Amino acid sequence: MIKVAIDCHKLEDATGAHRAGIGRHIYKLLEEISKKPELAEKFRFYLYFKGHIPKDIEFLNNEIFVKKVAKLPLFLPFFRPSFNIFFHIALPIYTLKDRVDVIFFSSFMYPAFYMGKSILLLTNDVYYEFTKGTLPFKYRISYKLFAKWGAIRATQITTQTNASRDEISGYFNIAPEKIEVVPLGADLKDFAPKEKVQKENYIFYVGQAFPRRHLKETLQAFELIAYDFPELNFIAVGIDKYNPPVIEGLVKKINQKLGNRRIYRQEFVSDEGLVEFYQKAKIFTYISSSEAMGLPPLEALAAGTVPVVADTPTTKEIFGSHAFFVEDSEDPKNIAKVLREALQNAGARDKILQDREEVLAKYTWKGHAEKMIEMFEKVSLK
(Lines give C-alpha, C1' and ligand atoms only; values in the text may rest on other atoms or scores of the structure.)
Protein backbone atom coordinates (compact mmCIF):
# COMPACT_ATOMS: atom_id res chain seq x y z
CA MET A 1 0.00 0.00 0.00
CA ILE A 2 1.42 3.38 -1.04
CA LYS A 3 0.76 6.13 1.49
CA VAL A 4 0.55 9.56 -0.15
CA ALA A 5 0.36 12.65 2.05
CA ILE A 6 -1.10 15.94 0.82
CA ASP A 7 -0.97 19.30 2.59
CA CYS A 8 -4.64 20.35 2.49
CA HIS A 9 -4.68 23.47 4.67
CA LYS A 10 -5.74 25.63 1.71
CA LEU A 11 -9.06 23.78 1.56
CA GLU A 12 -9.95 25.48 4.85
CA ASP A 13 -9.81 28.99 3.37
CA ALA A 14 -13.21 29.05 1.67
CA THR A 15 -16.21 26.93 0.68
CA GLY A 16 -17.58 25.69 -2.61
CA ALA A 17 -16.17 23.81 -5.56
CA HIS A 18 -14.66 26.98 -7.00
CA ARG A 19 -12.18 27.70 -4.25
CA ALA A 20 -9.44 29.93 -5.57
CA GLY A 21 -5.82 29.19 -6.33
CA ILE A 22 -4.17 26.34 -4.44
CA GLY A 23 -7.43 25.43 -2.71
CA ARG A 24 -9.07 24.96 -6.09
CA HIS A 25 -6.18 22.82 -7.31
CA ILE A 26 -6.28 20.48 -4.31
CA TYR A 27 -10.09 20.28 -4.36
CA LYS A 28 -10.19 19.16 -7.98
CA LEU A 29 -7.29 16.71 -7.57
CA LEU A 30 -8.97 15.01 -4.61
CA GLU A 31 -12.34 15.01 -6.35
CA GLU A 32 -10.87 13.12 -9.30
CA ILE A 33 -9.09 10.66 -6.99
CA SER A 34 -12.41 9.97 -5.22
CA LYS A 35 -13.92 8.95 -8.58
CA LYS A 36 -11.40 6.11 -9.02
CA PRO A 37 -12.39 3.25 -6.69
CA GLU A 38 -9.65 1.04 -8.17
CA LEU A 39 -7.01 3.23 -6.51
CA ALA A 40 -8.01 1.91 -3.08
CA GLU A 41 -6.25 -1.35 -3.85
CA LYS A 42 -2.87 0.39 -4.04
CA PHE A 43 -3.12 3.85 -2.40
CA ARG A 44 -4.16 5.62 0.78
CA PHE A 45 -4.14 9.41 0.77
CA TYR A 46 -3.34 11.10 4.07
CA LEU A 47 -4.87 14.57 4.07
CA TYR A 48 -3.43 16.98 6.64
CA PHE A 49 -5.31 20.10 7.75
CA LYS A 50 -4.22 22.98 9.96
CA GLY A 51 -7.35 23.92 11.89
CA HIS A 52 -10.36 21.86 10.79
CA ILE A 53 -11.57 19.39 8.18
CA PRO A 54 -14.06 21.12 5.83
CA LYS A 55 -17.56 19.73 6.19
CA ASP A 56 -18.82 20.94 2.82
CA ILE A 57 -16.69 18.52 0.77
CA GLU A 58 -18.65 15.28 0.70
CA PHE A 59 -16.17 13.27 -1.34
CA LEU A 60 -13.64 13.53 1.48
CA ASN A 61 -15.68 10.80 3.17
CA ASN A 62 -14.33 8.32 0.62
CA GLU A 63 -12.48 5.47 2.35
CA ILE A 64 -9.36 6.16 0.31
CA PHE A 65 -8.78 9.35 2.33
CA VAL A 66 -7.35 9.44 5.85
CA LYS A 67 -8.10 12.92 7.22
CA LYS A 68 -6.20 14.48 10.11
CA VAL A 69 -5.76 17.89 11.74
CA ALA A 70 -2.02 18.15 12.29
CA LYS A 71 -1.44 19.88 15.63
CA LEU A 72 1.02 19.45 18.44
CA PRO A 73 -0.16 18.07 21.82
CA LEU A 74 0.45 21.36 23.59
CA PHE A 75 -2.40 22.99 21.68
CA LEU A 76 -5.92 22.71 23.03
CA PRO A 77 -8.45 21.27 20.54
CA PHE A 78 -10.11 24.64 20.00
CA PHE A 79 -6.86 26.53 19.49
CA ARG A 80 -5.88 27.15 15.88
CA PRO A 81 -2.07 26.99 15.57
CA SER A 82 -0.07 29.28 13.35
CA PHE A 83 0.80 28.27 9.82
CA ASN A 84 4.51 28.05 10.62
CA ILE A 85 3.94 25.61 13.49
CA PHE A 86 1.62 23.50 11.35
CA PHE A 87 3.80 23.53 8.24
CA HIS A 88 7.33 23.33 9.58
CA ILE A 89 6.82 21.23 12.74
CA ALA A 90 3.46 19.45 13.03
CA LEU A 91 3.26 18.31 9.41
CA PRO A 92 6.69 16.60 9.38
CA ILE A 93 5.90 14.93 12.73
CA TYR A 94 2.58 13.56 11.48
CA THR A 95 4.02 12.25 8.23
CA LEU A 96 6.79 10.50 10.18
CA LYS A 97 4.29 9.00 12.63
CA ASP A 98 2.02 7.81 9.80
CA ARG A 99 4.99 6.49 7.82
CA VAL A 100 3.91 8.05 4.56
CA ASP A 101 5.85 7.17 1.43
CA VAL A 102 5.67 10.55 -0.32
CA ILE A 103 4.09 13.94 0.32
CA PHE A 104 2.81 16.58 -2.10
CA PHE A 105 3.42 20.24 -1.19
CA SER A 106 1.28 22.49 -3.41
CA SER A 107 1.94 25.84 -1.68
CA PHE A 108 5.29 26.52 -3.39
CA MET A 109 7.21 26.09 -0.10
CA TYR A 110 9.03 23.24 1.62
CA PRO A 111 9.04 22.66 5.39
CA ALA A 112 12.29 23.40 7.17
CA PHE A 113 12.39 20.01 8.90
CA TYR A 114 10.91 17.56 6.40
CA MET A 115 13.33 14.79 5.36
CA GLY A 116 11.25 12.24 3.41
CA LYS A 117 10.37 11.73 -0.25
CA SER A 118 8.44 14.65 -1.64
CA ILE A 119 6.90 16.43 -4.61
CA LEU A 120 6.89 20.23 -4.63
CA LEU A 121 4.90 22.49 -6.92
CA LEU A 122 6.97 25.47 -8.05
CA THR A 123 5.91 28.18 -10.48
CA ASN A 124 7.41 31.18 -12.19
CA ASP A 125 4.83 33.46 -10.58
CA VAL A 126 5.93 32.59 -7.03
CA TYR A 127 9.44 33.62 -8.06
CA TYR A 128 7.96 36.87 -9.41
CA GLU A 129 6.18 37.51 -6.11
CA PHE A 130 9.27 37.29 -3.90
CA THR A 131 11.51 39.20 -6.32
CA LYS A 132 9.21 41.85 -7.83
CA GLY A 133 5.85 41.53 -6.08
CA THR A 134 4.32 43.73 -3.42
CA LEU A 135 3.20 41.12 -0.91
CA PRO A 136 3.93 41.96 2.75
CA PHE A 137 7.57 41.35 3.65
CA LYS A 138 6.87 38.30 5.84
CA TYR A 139 5.25 36.48 2.90
CA ARG A 140 7.95 37.43 0.43
CA ILE A 141 10.73 36.27 2.75
CA SER A 142 8.90 33.00 3.45
CA TYR A 143 8.49 32.29 -0.25
CA LYS A 144 12.10 33.22 -0.93
CA LEU A 145 13.53 31.02 1.82
CA PHE A 146 11.32 27.96 1.57
CA ALA A 147 10.72 27.86 -2.19
CA LYS A 148 14.49 27.89 -2.70
CA TRP A 149 14.89 25.31 0.08
CA GLY A 150 12.36 23.09 -1.67
CA ALA A 151 14.16 23.42 -5.00
CA ILE A 152 17.16 21.87 -3.23
CA ARG A 153 15.43 19.32 -0.99
CA ALA A 154 12.38 18.02 -2.90
CA THR A 155 12.66 14.63 -4.55
CA GLN A 156 10.59 15.83 -7.52
CA ILE A 157 9.55 19.28 -8.75
CA THR A 158 6.34 19.75 -10.69
CA THR A 159 4.95 22.74 -12.55
CA GLN A 160 2.06 23.41 -14.93
CA THR A 161 3.45 24.37 -18.36
CA ASN A 162 6.59 23.86 -20.39
CA ALA A 163 7.17 27.62 -20.34
CA SER A 164 7.03 27.64 -16.54
CA ARG A 165 9.41 24.66 -16.41
CA ASP A 166 11.95 26.53 -18.52
CA GLU A 167 11.72 29.63 -16.33
CA ILE A 168 11.93 27.93 -12.93
CA SER A 169 14.80 25.75 -14.14
CA GLY A 170 16.80 28.95 -14.53
CA TYR A 171 15.36 30.84 -11.56
CA PHE A 172 15.97 28.05 -9.04
CA ASN A 173 18.94 26.37 -10.73
CA ILE A 174 17.07 23.06 -11.16
CA ALA A 175 17.97 20.49 -13.81
CA PRO A 176 15.07 20.39 -16.32
CA GLU A 177 14.79 16.60 -16.00
CA LYS A 178 13.89 17.01 -12.32
CA ILE A 179 10.80 19.05 -13.28
CA GLU A 180 7.61 17.24 -14.32
CA VAL A 181 5.02 19.26 -16.26
CA VAL A 182 1.48 18.47 -15.10
CA PRO A 183 -1.10 20.94 -16.46
CA LEU A 184 -4.17 21.91 -14.46
CA GLY A 185 -7.67 21.42 -15.82
CA ALA A 186 -10.70 23.49 -16.73
CA ASP A 187 -14.18 22.44 -15.62
CA LEU A 188 -15.65 22.00 -19.07
CA LYS A 189 -18.97 20.57 -17.89
CA ASP A 190 -19.40 23.13 -15.12
CA PHE A 191 -18.75 26.17 -17.29
CA ALA A 192 -19.96 25.14 -20.75
CA PRO A 193 -23.38 26.64 -21.57
CA LYS A 194 -26.15 24.05 -21.65
CA GLU A 195 -28.15 26.21 -24.04
CA LYS A 196 -27.60 29.38 -26.05
CA VAL A 197 -26.61 32.26 -23.77
CA GLN A 198 -27.58 35.85 -24.43
CA LYS A 199 -24.42 37.89 -24.10
CA GLU A 200 -24.53 41.07 -22.02
CA ASN A 201 -22.50 44.20 -22.54
CA TYR A 202 -19.72 43.88 -19.98
CA ILE A 203 -16.08 42.93 -19.65
CA PHE A 204 -15.37 40.43 -16.88
CA TYR A 205 -12.33 39.88 -14.66
CA VAL A 206 -11.99 37.36 -11.81
CA GLY A 207 -8.99 36.51 -9.66
CA GLN A 208 -6.97 37.79 -6.74
CA ALA A 209 -5.80 41.19 -7.92
CA PHE A 210 -2.03 40.88 -7.59
CA PRO A 211 -0.17 43.72 -9.35
CA ARG A 212 1.25 41.24 -11.89
CA ARG A 213 -2.31 40.63 -13.10
CA HIS A 214 -2.63 44.31 -14.02
CA LEU A 215 -6.24 44.91 -13.01
CA LYS A 216 -5.34 48.53 -12.30
CA GLU A 217 -4.03 49.08 -15.82
CA THR A 218 -6.99 47.17 -17.28
CA LEU A 219 -9.45 49.46 -15.49
CA GLN A 220 -7.50 52.47 -16.74
CA ALA A 221 -7.76 51.01 -20.25
CA PHE A 222 -11.51 50.61 -19.80
CA GLU A 223 -11.72 54.31 -18.95
CA LEU A 224 -9.95 55.09 -22.24
CA ILE A 225 -12.55 53.23 -24.33
CA ALA A 226 -15.63 53.83 -22.17
CA TYR A 227 -16.82 56.90 -24.11
CA ASP A 228 -16.74 54.96 -27.39
CA PHE A 229 -18.76 52.12 -25.87
CA PRO A 230 -21.39 53.96 -23.80
CA GLU A 231 -23.39 50.80 -22.98
CA LEU A 232 -20.35 48.77 -21.90
CA ASN A 233 -19.67 47.97 -18.24
CA PHE A 234 -16.84 46.25 -16.38
CA ILE A 235 -17.31 43.64 -13.63
CA ALA A 236 -14.32 42.75 -11.44
CA VAL A 237 -14.40 39.98 -8.82
CA GLY A 238 -11.55 39.30 -6.42
CA ILE A 239 -9.58 40.50 -3.42
CA ASP A 240 -7.32 43.54 -3.87
CA LYS A 241 -3.75 42.27 -3.39
CA TYR A 242 -2.02 45.56 -4.12
CA ASN A 243 0.07 46.91 -1.24
CA PRO A 244 -1.46 49.27 -0.30
CA PRO A 245 -4.88 48.45 -1.86
CA VAL A 246 -5.75 50.64 -4.85
CA ILE A 247 -8.65 49.04 -6.71
CA GLU A 248 -11.62 50.38 -4.71
CA GLY A 249 -10.35 53.95 -4.92
CA LEU A 250 -9.62 53.62 -8.63
CA VAL A 251 -13.07 52.22 -9.35
CA LYS A 252 -14.70 55.10 -7.51
CA LYS A 253 -12.54 57.66 -9.31
CA ILE A 254 -13.23 56.27 -12.79
CA ASN A 255 -16.97 55.96 -12.17
CA GLN A 256 -17.05 59.60 -11.05
CA LYS A 257 -15.16 60.72 -14.16
CA LEU A 258 -17.49 58.74 -16.41
CA GLY A 259 -20.50 60.33 -14.75
CA ASN A 260 -22.25 57.12 -13.75
CA ARG A 261 -21.50 53.65 -12.44
CA ARG A 262 -19.83 51.67 -15.19
CA ILE A 263 -17.46 49.53 -13.12
CA TYR A 264 -18.84 47.03 -10.59
CA ARG A 265 -16.57 45.32 -8.11
CA GLN A 266 -17.04 42.63 -5.45
CA GLU A 267 -14.59 40.43 -3.57
CA PHE A 268 -16.49 37.15 -3.76
CA VAL A 269 -19.12 35.44 -5.89
CA SER A 270 -21.01 32.17 -5.51
CA ASP A 271 -20.19 29.20 -7.72
CA GLU A 272 -23.42 29.74 -9.66
CA GLY A 273 -22.75 33.45 -9.98
CA LEU A 274 -19.26 32.85 -11.30
CA VAL A 275 -20.54 30.58 -14.06
CA GLU A 276 -23.16 33.15 -15.04
CA PHE A 277 -20.61 35.99 -15.12
CA TYR A 278 -18.31 33.91 -17.33
CA GLN A 279 -21.03 32.88 -19.76
CA LYS A 280 -22.71 36.24 -20.25
CA ALA A 281 -19.59 38.42 -20.56
CA LYS A 282 -18.73 39.97 -23.91
CA ILE A 283 -15.03 39.36 -23.30
CA PHE A 284 -12.89 38.21 -20.37
CA THR A 285 -9.65 39.87 -19.23
CA TYR A 286 -6.77 38.32 -17.28
CA ILE A 287 -3.70 40.24 -18.36
CA SER A 288 -1.08 38.65 -16.12
CA SER A 289 2.60 39.13 -16.87
CA SER A 290 3.58 36.03 -14.82
CA GLU A 291 1.52 32.85 -14.43
CA ALA A 292 2.49 29.20 -14.37
CA MET A 293 -0.84 28.58 -16.06
CA GLY A 294 -3.80 30.64 -14.85
CA LEU A 295 -7.19 28.92 -14.87
CA PRO A 296 -9.65 31.84 -15.30
CA PRO A 297 -8.99 32.45 -19.03
CA LEU A 298 -9.44 28.72 -19.73
CA GLU A 299 -12.65 28.71 -17.72
CA ALA A 300 -13.89 31.71 -19.67
CA LEU A 301 -13.12 29.93 -22.93
CA ALA A 302 -15.00 26.85 -21.70
CA ALA A 303 -17.93 29.13 -20.86
CA GLY A 304 -18.01 30.50 -24.40
CA THR A 305 -16.29 33.82 -23.71
CA VAL A 306 -13.17 35.00 -25.49
CA PRO A 307 -10.17 35.77 -23.22
CA VAL A 308 -7.84 38.75 -23.44
CA VAL A 309 -4.46 37.79 -21.96
CA ALA A 310 -0.89 39.03 -21.73
CA ASP A 311 1.45 37.97 -24.52
CA THR A 312 3.77 35.60 -22.61
CA PRO A 313 5.38 32.22 -23.39
CA THR A 314 2.82 30.57 -21.09
CA THR A 315 -0.26 32.06 -22.76
CA LYS A 316 1.11 31.32 -26.23
CA GLU A 317 1.72 27.70 -25.19
CA ILE A 318 -1.80 27.31 -23.81
CA PHE A 319 -3.94 29.30 -26.23
CA GLY A 320 -2.00 29.39 -29.47
CA SER A 321 -4.19 31.72 -31.54
CA HIS A 322 -7.31 31.21 -29.42
CA ALA A 323 -7.22 34.50 -27.51
CA PHE A 324 -6.48 38.19 -27.91
CA PHE A 325 -2.97 39.09 -26.73
CA VAL A 326 -1.68 42.25 -25.03
CA GLU A 327 1.98 42.92 -25.81
CA ASP A 328 2.60 45.50 -23.06
CA SER A 329 0.55 44.66 -19.97
CA GLU A 330 1.84 47.71 -18.09
CA ASP A 331 0.53 50.20 -20.67
CA PRO A 332 -3.19 51.06 -20.40
CA LYS A 333 -3.13 52.42 -23.96
CA ASN A 334 -1.90 49.10 -25.33
CA ILE A 335 -4.50 47.22 -23.29
CA ALA A 336 -7.20 49.61 -24.53
CA LYS A 337 -6.17 48.92 -28.13
CA VAL A 338 -6.59 45.16 -27.66
CA LEU A 339 -9.87 45.53 -25.76
CA ARG A 340 -11.23 47.64 -28.61
CA GLU A 341 -10.18 45.01 -31.14
CA ALA A 342 -11.71 42.19 -29.11
CA LEU A 343 -15.00 44.06 -28.72
CA GLN A 344 -15.31 45.09 -32.36
CA ASN A 345 -13.98 42.03 -34.20
CA ALA A 346 -16.91 39.64 -33.97
CA GLY A 347 -15.42 37.43 -36.67
CA ALA A 348 -12.23 36.85 -34.65
CA ARG A 349 -14.28 36.13 -31.52
CA ASP A 350 -16.42 33.59 -33.38
CA LYS A 351 -13.34 31.86 -34.83
CA ILE A 352 -11.76 31.53 -31.37
CA LEU A 353 -14.93 30.03 -29.90
CA GLN A 354 -15.57 27.67 -32.81
CA ASP A 355 -12.13 26.09 -32.38
CA ARG A 356 -11.86 26.27 -28.60
CA GLU A 357 -12.02 22.49 -28.12
CA GLU A 358 -8.50 22.34 -29.58
CA VAL A 359 -7.34 24.14 -26.44
CA LEU A 360 -9.71 22.76 -23.83
CA ALA A 361 -9.16 19.10 -24.67
CA LYS A 362 -5.57 19.38 -23.42
CA TYR A 363 -6.55 20.66 -19.96
CA THR A 364 -8.81 18.37 -17.95
CA TRP A 365 -8.82 17.57 -14.24
CA LYS A 366 -9.09 13.88 -15.09
CA GLY A 367 -5.85 14.08 -17.04
CA HIS A 368 -4.22 16.13 -14.29
CA ALA A 369 -5.11 13.56 -11.62
CA GLU A 370 -3.86 10.64 -13.72
CA LYS A 371 -0.47 12.28 -14.18
CA MET A 372 -0.22 13.16 -10.49
CA ILE A 373 -1.04 9.58 -9.46
CA GLU A 374 1.68 8.30 -11.78
CA MET A 375 4.12 10.73 -10.18
CA PHE A 376 3.08 9.74 -6.63
CA GLU A 377 3.85 6.11 -7.42
CA LYS A 378 7.11 6.86 -9.22
CA VAL A 379 8.49 9.06 -6.45
CA SER A 380 7.40 6.66 -3.69
CA LEU A 381 9.53 3.94 -5.30
CA LYS A 382 12.68 6.06 -5.62
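The values are calculated or read from the model by the stated rules, or taken from the named source; none is laboratory data. In this text, all values refer to a predicted model and were calculated from it rather than measured experimentally. Reconstructed Cβ throughout: ideal geometry from the backbone, glycine too, with neighbour counts over all protein chains shown. Accessible surface is based on the protein model in full, side chains and every heavy atom, while ligands, DNA and RNA are left aside. Shrake-Rupley method; radii C 1.70, N 1.55, O 1.52, S 1.80 Å.
Output the strands (runs of 3 or more DSSP E) that fall wholly within region 277-382 and possess 2 or more residues being more than 20 Å from the chain's Cα centre (by Cα) and at pLDDT 95 or above, or say none. Steps first, please.
Numbers: elements: 283-286, 306-310, 324-326.
Once the strands (runs of 3 or more DSSP E) in region 277-382 are filtered for at least 2 residues that are more than 20 Å from the chain's Cα centre (by Cα) and at pLDDT 95 or above, what remains is 324-326.
Go through region 54-82 and count every residue that is at pLDDT 90 or above and open to solvent by 60 Å² or more (accessible area, probe 1.4 Å). Break it down stepwise before answering.
In the first step, residues of region 54-82 are kept if they are at pLDDT 90 or above; the result is 54-70.
From what's left, open to solvent by 60 Å² or more (accessible area, probe 1.4 Å): 55-56, 58, 61, 63, 67.
Summing the residues that are at pLDDT 90 or above and open to solvent by 60 Å² or more (accessible area, probe 1.4 Å) in region 54-82 gives 6.
Mind listing just one residue for me: the one in region 1-13 that is in contact (Cβ under 8 Å) with a residue 12 or more places away in the chain and open to solvent by 30 Å² or more (accessible area, probe 1.4 Å) and, of those, farthest from the chain's Cα centre (by Cα)? Please lay out each step first, then the result.
Step one: of region 1-13, the residues in contact (Cβ under 8 Å) with a residue 12 or more places away in the chain are 1-12.
Within this subset, residues satisfying the condition of being open to solvent by 30 Å² or more (accessible area, probe 1.4 Å) are 1, 3, 10.
Working: MET1: 31, LYS3: 26, LYS10: 12 Å.
Per the criteria, the residue is MET1.
Suppose we keep only residues that are in a loop (DSSP other than H, G, I, E, B), of a type outside the set (A, V, I, L, M, F, W, C) and in contact (Cβ under 8 Å) with a residue 60 or more places away in the chain within region 14-34. Which one would you say is nearest to TYR278 (Cα to Cα)?
The extreme case among them is HIS18.
Please name all residue pairs, on different chains or six or more residues apart, with Cβ atoms under 8 Å, provided the first residue is in region 58-70 and is under 29 Å from SER82 (Cβ atoms) and the second residue is of a type in the set (A, V, I, L, M) and open to solvent by 40 Å² or more (accessible area, probe 1.4 Å).
Partner pairs satisfying both residue conditions: LEU60/ILE53; LYS67/ILE53; VAL69/ILE53; ALA70/ILE93.
Could you go through region 123-132 and let me know if any residue there is surrounded by fewer than 16 Cβ atoms within 10 Å (Cβ to Cβ) and at negative phi. If you could, list the steps in order and put the result at the bottom.
Step one: list which residues in region 123-132 are surrounded by fewer than 16 Cβ atoms within 10 Å (Cβ to Cβ), which gives 131-132.
From what is left, the residues that are at negative phi are 131-132.
Yes, there is a match, as at least one residue in region 123-132 is surrounded by fewer than 16 Cβ atoms within 10 Å (Cβ to Cβ) and at negative phi.
Quick one: which helices (runs of 4 or more DSSP H) sit completely within region 105-215 and have at least 3 residues that are farther than 30 Å from PHE277 by Cβ and among the charged types (D, E, K, R)?
Result: 137-153, 162-171.
Where the second residue is among the basic types (Lys, Arg) and the first is on the phi > 0 side of the Ramachandran plot and lies in region 241-269, which pairs have Cβ atoms under 9 Å and are six or more apart or on separate chains?
Short answer, once both residue conditions are applied: none.
Here are the criteria: (1) touching a Pro at 6+ places or on another chain (Cβ under 9 Å); (2) open to solvent by 10 Å² or more (accessible area, probe 1.4 Å). Tell me which single one THR161 does not satisfy.
Of (1) touching a Pro at 6+ places or on another chain (Cβ under 9 Å); (2) open to solvent by 10 Å² or more (accessible area, probe 1.4 Å), only one is false for THR161: (2).
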